[in-house]
Every structure is written in structure tokens, then in C-alpha cells.
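Just below is one structure, and these are the notes that go with it.
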Amino acid sequence: LPQINFRAARYDVAGFDWAIDAEITRFDHPEMVGGNRAVVQGQVSYPIVRPGWFVTPKLMYNAAQYDIDSNVRGVELRPGMSNQVSRTLPTFSLDSGLIFERQTSLFGGASTQTLEPRLFYVYTPYEDQDDIPVFDTGRAGFNYAQLFSENRYVGLDRVSDANQLTAALVSRFIQEDGAERLRL
């Protein structure tokens, strides 16, 4: 039903980037548990970007409050489950990489080839979220961008616990006009 979103962000404030996202949503369904969800997500990062390398430490905070309908058209909450559920989770990530370039040719045309090793570390402590309903959340599909994401879920009802390191090696071929021709 109604959903209200708020976003504020600033970039390069004394070198820091920050953002705050807030959302209040009412969920209603004739056959499933409904309720109200309020979520605030804040983040602050300090990107250090230099020619040939980058390092970006980031701190994130996810706070959610649920007011769950106890009986929605005959659907009962699990025994012992509270109508008021909250979650607060911090996340730390560190993204880093190097960028090497060389001149080469691709399909007969001059281009620049890059070699880009990258390391991404993320830590989010475990918190049992079984009492929180899943209104609009699912697992994200596996793709290149998801390798460097702090959360394996899409939506606001789940925050994945993590203590993981991702290592990747990318090579790109960039034409003289700046168009990326090939990425491996």
C-alpha cells in the first residue's frame, strides 16, 4: 500500500561520501501476513582514487522496525512471534584494486588493454532474522556486480551475514574513442 521513500547523499565532503536512505511501507495481502516496515540505511565511505589504483573503506548501518499484523484474514503469526520486531546491523567493506594499461590492437584497430586485479572484503555479523517476515525480498542473481556487493539480497527484509573476500581479475579492451570493445 503506501510507500514513502527519502534519500539524502553528498559526495566528496572533505573526502567522504555519505548517504541516508529511509523508507516506510505498509504491506497488505489477503492470504499472507501484512504489516508496517520502517527502514533506515546509512553509509559513509572514504574513496581514495589515484592513477592506477583505488581503495574504498565503507561503513554501513541498517536499522529496521516491523509492526506485524497478528491476524490477517485468518493467517496467524508463528507461536511466540512478537508483533514488534526490529533489527540493527552494521556492515564494513573494503574495496581495492589496481589498473594496469598497455597499448595494443583489437580486430585491427588501436586500443588500450587493461589488467585490473581487485579485492573486495565485506563483514556483516550474523543476526537471526527468522521472526522478520519477507515482504519484498529475494536473493540477488549471480553476476559480476553481485561479486562486489555488501548484501546478497535484493529488498529490505534481509541483510546477509558475511565475512568474505572476493578476488577478481578483469581485462578490458578500450577503443581510441573510449568505447569498451571487450571485457574478460
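A few remarks follow.
- With DNA, RNA and ligands ignored, accessible area of Arg102 (1.4 Å probe; Å², nearest 10): 140
- Translational diffusion of segment 1-73 was estimated from the Stokes-Einstein equation, with Rh taken as the Kirkwood radius over Cα pairs; at 37 °C and 0.692 mPa s the coefficient is 222 µm²/s.
- Based on alpha carbons, the Rg and Dmax found for segment 78-184 are 20.3, 69 Å.
- Cα centroid of segment 15-57 to Cα centroid of segment 81-136, whole Å: 13
- From the coordinates shown, Cα Rg over 2.2 N^0.38 Å corresponds to which of (i) 1.00; (ii) 1.34; (iii) 1.15: (ii)
- ³J(HN,Hα), Karplus 6.51/-1.76/1.60, whole Hz, each residue of segment 144-152, x for Gly, Pro: 4, 5, 5, 4, 10, 10, 6, 9, 7
- Solvent exposure of segment 116-184, expressed per residue, is 61 Å² of accessible area, with all protein chains present and a 1.4 angstrom probe.
- Loop-exposed GluC sites (Glu not before Pro) per DSSP, neighbour cap 14 Cβ within 10 angstrom, longest uninterrupted part of the chain: 32-126
- Per-residue ³J(HN,Hα) for segment 15-28, Karplus 6.51 cos²θ - 1.76 cosθ + 1.60, θ = phi - 60°, Hz, x for Gly and Pro: x, 9, 10, 9, 8, 10, 10, 9, 8, 10, 9, 10, 10, 9
- Fraction of accessible area attributable to carbon and sulfur, segment 1-160 (%, probe 1.4 Å): 58
- Stretchable slack from Leu182 to Arg7, in nm (0.36 nm times residue separation minus alpha-carbon distance): 59.5 nm
The values are calculated or read from the model by the stated rules, or taken from the named source; none is laboratory data. None of these values were measured; they are calculated from a predicted model. Neighbour counts are summed over all protein chains in view; Cβ atoms, including those assigned to glycine, are modelled from backbone coordinates with ideal geometry. We work out accessible area using only protein heavy atoms, side chains counted, and drop any ligands, DNA or RNA first. Shrake-Rupley method; radii C 1.70, N 1.55, O 1.52, S 1.80 Å.
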